[in-house]
Amino acid sequence: MGANRRFFTMEKKITPFIFTVDTSLIVAGATNGSENPLSYILPILSLTSAIVRVNDGRADISLTSSNLSANRRLVFASAGVYKITIFQVNMTFHANNSTVGIDKNKMISIDNWGNNTTYNIQCFRYCYNLEFKATNTLVLPSVISAFFAETKGFPSKDISNLDTSKVTDAVNVFANVPTKFKKLLNPFFLNLTNANGIYSGLDLSELEKLEIISNTLTTANDIFSGATRPFYGEIILQTPNLTNITALCYRFSTPPPALDKCDFRSVNNALNFLRNPMSTTNVDKTLIAWAKLPTMVSGVTWDWKGSKYSNNSEVITAYNKITNEWGVIFTNLTMA
């Protein structure tokens, strides 16, 4: 009891990790324990210490690094829905793990993000029944590749409260999440370098805008790979060191938005940046804005897929500056 009392004096300093499981969501025919509706294996890889509290009347469970393996499996009197609260110190959590994450189908909601917790790469991938209902801020880890992929997603449709300041790699972070997002990740990425497929597989029909603000981002290929269209929002990429934007708007079946709020001064690979022609109005806005950049990379080809620009002096001046003065190559773009 002494150890527990000492631990509980820390509760006010610890933000618990809270989640809900449904033990009846078994994997039929499995032989690794996930077919058992009367148990749940905590997907904890490691920890210093923790108190686990389950809302079924049992006594709190004290976990340490030495007894974790023996006490990871929770056994229940009957199948059902249970809330699990973990007061943790230096816990590493990984729901999608072949060893301790075999019960990932049973996890149905994250209700509160905990501090003192490390979330591994692809942490929740393939947790098909999982929704993220927590409203407090999660400081995302540096690598969030496929972190939320293949889950039920976010009922709030708004994930702008997630802290992106540490993120360096966000490849396919939301792959095939069905949420119709209205607001995506906080756009301020202080350390992001790789955003390939960052919003792949999403239904974009309610999205207000895609916005990334980063001085470190260099690669953002196929951002919307496999995404559900249409997309009616804005694309805002304040990314002065971005070099690769392959297939930026290639996945859109509808005419793409203007790219007048994109800093493409360093782009040296714009392969298939469009799939369909851009409207003349949007082309004009884009050209005028790009001409105000410090420069663009000479010799880079931008295929406009049959788009047209206006016979307007400001637009023509912008076009000539970009192509003649800077040496940028525009193909399939003619005057209306």
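The values are calculated or read from the model by the stated rules, or taken from the named source; none is laboratory data. Treat the numbers as computed from the prediction; the structure is a model and nothing was measured. Here Cβ is always computed from backbone atoms with ideal geometry, including for glycine, and neighbour counts include all displayed protein chains.
Data table
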read-out: Of residues in segment 275-313 being on the phi < 0 side of the Ramachandran plot and in a strand (DSSP E or B), the one surrounded by the most Cβ atoms within 10 Å (Cβ to Cβ); value: Tyr309
read-out: Residue count, segment 216-251 (criterion: at pLDDT 90 or above, not in a strand (DSSP E or B) and not β-branched (Val, Ile, Thr)); value: 9
read-out: Any hit, segment 135-154, residues being outside the structural domain of Leu38 (by TED's automatic domain parsing), part of a strand (DSSP E or B) and over 21 Å from Asn215 (Cα atoms); value: yes
read-out: Identity of the residue in segment 101-125, of a type in the set (Val, Ile, Thr) and under 20 Å from the mean Cα position of the chain (by Cα), that ends up surrounded by the fewest Cβ atoms within 10 Å (Cβ to Cβ); value: Thr118
read-out: Tally of residues being at pLDDT 95 or above and surrounded by fewer than 18 Cβ atoms within 10 Å (Cβ to Cβ) across segment 252-262; value: 1
read-out: Considering residues of segment 131-189 that are farther than 21 Å from Val21 by Cα and acidic (Asp, Glu) only, the residue surrounded by the fewest Cβ atoms within 10 Å (Cβ to Cβ); value: Asp163
read-out: Members of segment 61-90 found to be within 19 Å of Ile18 (Cβ to Cβ), charged (D, E, K, R) and either assigned to a strand (DSSP E or B) or at pLDDT 95 or above (or both), listed by number; value: Lys83
read-out: Single residue of segment 190-215 satisfying the filter (among the hydrophobic types (A, V, I, L, M, F, W, C) and not in a loop (DSSP other than H, G, I, E, B)) that is surrounded by the most Cβ atoms within 10 Å (Cβ to Cβ); value: Ile212
read-out: Leu248 vs. criteria under 15 Å from the mean Cα position of the chain (by Cα), buried (at least 17 other Cβ atoms within 10 Å of the Cβ), in the same structural domain as Ala270 (by TED's automatic domain parsing) and of a type outside the set (Phe, Trp, Tyr); value: no
read-out: Number of the exception - Ser98 against (1) modelled with pLDDT of 90 or more; (2) surrounded by fewer than 20 Cβ atoms within 10 Å (Cβ to Cβ); (3) of a type in the set (Gly, Ala, Ser); (4) under 28 Å from the mean Cα position of the chain (by Cα); value: (1)
